[in-house]
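Presented below is the structure to which this report refers.
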Amino acid sequence: MNQHVINNAGLAAACTCQTATTGTLNHLDTACASTERCATALTDTAALAASIDWHGQAAALMRDKVTTAIRMNEDVRQRAHALLAIRQEVA
Amino acid sequence: MSWEVTSRVRGGVPLSVADAQQFHALIATLTDTSRQFAAQSAAWATLSDQLTRTRLHVSSCPVHRDSWPGGSLTAAAMPRLSFIVELSRACEAQIRACSTIVQHLDALAQLVARAQGLYLDAETKAVHASAGIPTDPLSTASSVLRGMASDILRSIGVVATSDDKSQPLLDILHTTSPYHQALMRGFSIAVLAGIARSRTIRPGSGMTAIDPLHGMLSRNSVNVAAEHLASISMQLNDRRQGNRIELSRRYPVWQVTRQADGIAGAIAQLRSLAENQYGTGEDNGLSYATIAIQRYRRMDGSTAWLVIVPGTDGHADSPFGWPQNVELMSSQARTRMQADSTRMVLEAMERSGIGQDDPVAIIGHSQGGIVAATLASDSKYNIRHIVTAGSPVANHPISGDTWTTSIEMDDELVPALDGAANPVGERWLTIHGSVAETVHDNGTGPVLAEPVPETADARQMSHHLKFHQAAYANAAALGSGAVTSHDRHFRQVIAGELEETSYWQGRMMH
């Protein structure tokens, strides 16, 4: 709920940051949900890549790169979780 | 500066329906996951924008300042502001990570597609459509494009003879590479139209205008045009060079070629033999217009042969000069077989003792590859497998029993001189190589590229064999079943111990 103060002109002033902060938190929720969806998609991709009968340097490289992407996304997820934890305090 | 090659395979043993479905599914999944990461990156970017606005709002909020305007923030607003700062930093990291993952996944989707030969037609059409490239050969017969085609053709000669002038021309060749095939076909149509007109004017010449007109509409219009041109150029060249080939056996000081271990090994032997002849390698004691013939003893006691044929050297008395290319490109078997380079290789094969039924593999670079295609089309020999590197052989009527492995660089022009794409089939595999500056592994470069050895700071003519060598190495690394099966077949043809290598040099004499 917006707080109100009386400004120099004697008028009630609305809190401008609360609305903006709420909007920010909504965007944060959207981005974090996207992170989770991506993690699921990557896991499915890795499973499909592993199931295909394809050998050689390119196949090994592909599986390595997917694993690297999963690891990178794990960092993304951890940062998102940390932000969600702080979010609880701010909200 | 270093350069690298990435390859795509086209043709060869087709994937089973089930395998094709699996690879399509993998590409679709990689692409879809990439899109989801792009969306995630966009979500963090939107949050980042929102944070900028929120920061302004918090900093200027009348409620959270001690006095307004110009006061400092209240203690209550401080945690909110520090959260915003932390969130901003995190957003940047998230965007960077997501973008890198997008690049990885896109590169992997491309890797699967080029390894399995998927989507190449669609890719080509997309490139042509986006570049506004005229794929209709009749439209490329316009005068402007005709001029462009002749400029490009001229550039081959200039690039081969001049270092200081070659860079802009190499850049032109590179940027116009998607046009080359259509331009050459359009150019040949224009040539045929000119011939048809001249014959209409001179009806007493004994020929009709029908042949060139018919040729204009055919897939092999370049070869029909070459036949018409060869009928003139052969006589002129015979007057200049003579029409007698003096073939002599040569004995290099050291063994220039060794046992070929599969197609990669054969390319290495070809390069070892050819480089000195082009003036780009060490002196191997052999002069220009020299081919090598290797005799292999198979496990069952029978004999197999590998014929190694370098390309055009351009010397005045060489059977591998420039005019012979026109004859080899002719639509008529008789003209192709009369080309000096073909006759020289045939005579060397005969003098080496190759029997009509002995299995033979031929590897050739540029003109050497056209000779290989000619022998596989028109000779009586049992040519089981040919490997062509940078050769325009799409329209040669190669026997259905012969396996053909073609390696073509996107911007080398020469293999596009046939004005057509190579046929696609189990026994005809084409490896397309692209040269680019090496991108150090920051996630933005292609996945799995082959470094080109001994590259200079500036772009080089990719018709050089080291580029074909890198392209084949890259294709082999892709793990494509098509490449593996062609390599296996090539090995089977020459399976056995190398018994002898003979070197044969040809000179034109009057």
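Where a number appears in this text, it was derived from the coordinates with a stated rule and is not lab data. Given the structure is predicted, the values throughout are model-derived calculations rather than measurements. Quick reminder, even Gly has a Cβ in these numbers, built from the backbone with ideal geometry, and neighbours come from all protein chains shown.
If each residue's Cβ is checked for other Cβ atoms within 10 Å, how do B:Y251, B:Y278 rank with the fewest at the top?
B:Y251, B:Y278
Across the range B:302-307, in residue order, what do the Karplus-derived ³J(HN,Hα) couplings come to in whole Hz, using 6.51 cos²θ - 1.76 cosθ + 1.60 with θ = phi - 60° and x for Gly and Pro?
After applying 6.51 cos²θ - 1.76 cosθ + 1.60, I find 6, 10, 10, 9, 10, 9 Hz.
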